[in-house]
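The structure appears right after this line, and notes come after that.
The values are calculated or read from the model by the stated rules, or taken from the named source; none is laboratory data. Since the model is a prediction, treat every value here as computed from it, not as a measurement. Don't worry about glycine lacking a Cβ; one is built from the backbone with ideal geometry, like all the others, and counts go over all protein chains shown.
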Amino acid sequence: MVVAGENIDSGSRIGGMARGLELKATDCIMNVGNCELTHCGIGFGMMLDGSHFSLFMKQLDFLLLGLDQLVNTFQFIRAHREPELLGGFTIYLVVCYQGHQGAQS
């Protein structure tokens with residue numbers, strides 16, 4: 001499993017949402033930048049390849065960008081001939097107010 005998000009292994013850990021993550025030795029944490037649409041594309045690709053990807057996000061508007069990726073990929077997922085070979089893709093979201101980001105949350 002790959003777990004990704006902005007500051008999930010340091011700092012605020014997305015307002016504490018990613019604090020205390022317990023991963024297996026074979027899992028990977030990726031502390032990534034602010035490009036959630038790319039992260040959603042990677043997550044869907046890993047899912048289609050049979051892997052598991054968890055994405056931690058903190059702003060709702062960026063989730064909507066990721067959902068655009070979901071809509072564009074949905075038909076391919078439905079047409080996948082062996083759905084039992086699909087992996088998993090989970091998005092964890094916290095909606096919060098942090099200073100001047102209120103309109104985005």
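Can you tell me which residue is farthest from residue 53 (Cα to Cα) among those in segment 29-39 that are among the hydrophobic types (A, V, I, L, M, F, W, C) and out of contact with any strand residue (DSSP E or B) (no Cβ under 7 Å at 6 or more places or on another chain)? Looking at the filtered set, the residue picked out is 35.
The residues on offer are 20, 15, 50, 41, and the sole one that is of a type in the set (Gly, Ala, Ser), in contact with a helix residue (DSSP H, G or I) (Cβ under 6 Å, 6 or more places away or on another chain) and assigned to a loop (DSSP other than H, G, I, E, B) is 50.
Of the listed requirements (1) surrounded by 12 or more Cβ atoms within 10 Å (Cβ to Cβ); (2) modelled with pLDDT of 80 or more, residue 49 misses just one: (1).
What are the residues in segment 53-80 that are more than 16 Å from the chain's Cα centre (by Cα), surrounded by fewer than 11 Cβ atoms within 10 Å (Cβ to Cβ) and part of a helix (DSSP H, G or I), if any?
Hits for segment 53-80 are 75, 76, 78.
Restricting attention to segment 18-30 and to residues that are at pLDDT 85 or above and under 20 Å from residue 63 (Cα atoms), the residue that is surrounded by the most Cβ atoms within 10 Å (Cβ to Cβ) turns out to be 29. Among the small types (Gly, Ala, Ser) and at pLDDT below 85: does that describe residue 11? The answer is yes for residue 11. Return the pairs, sorted by first residue and then second, in which the second residue is of a type in the set (Phe, Trp, Tyr) and surrounded by fewer than 10 Cβ atoms within 10 Å (Cβ to Cβ), the first residue lies in segment 1-28 and is over 26 Å from residue 49 (Cβ atoms) and in contact (Cβ under 8 Å) with a residue 24 or more places away in the chain, the beta carbons are less than 9 Å apart, and the residues are 6+ apart or on different chains. Nothing qualifies. Entry remark, segment 20-45: residues being of a type in the set (A, V, I, L, M) and farther than 19 Å from residue 6 by Cα number 1 in total. Across segment 32-46, the qualifying residues are those that are buried (at least 19 other Cβ atoms within 10 Å of the Cβ) and not hydrophobic (A, V, I, L, M, F, W, C), and the one among them that is farthest from residue 11 (Cα to Cα) is 43.
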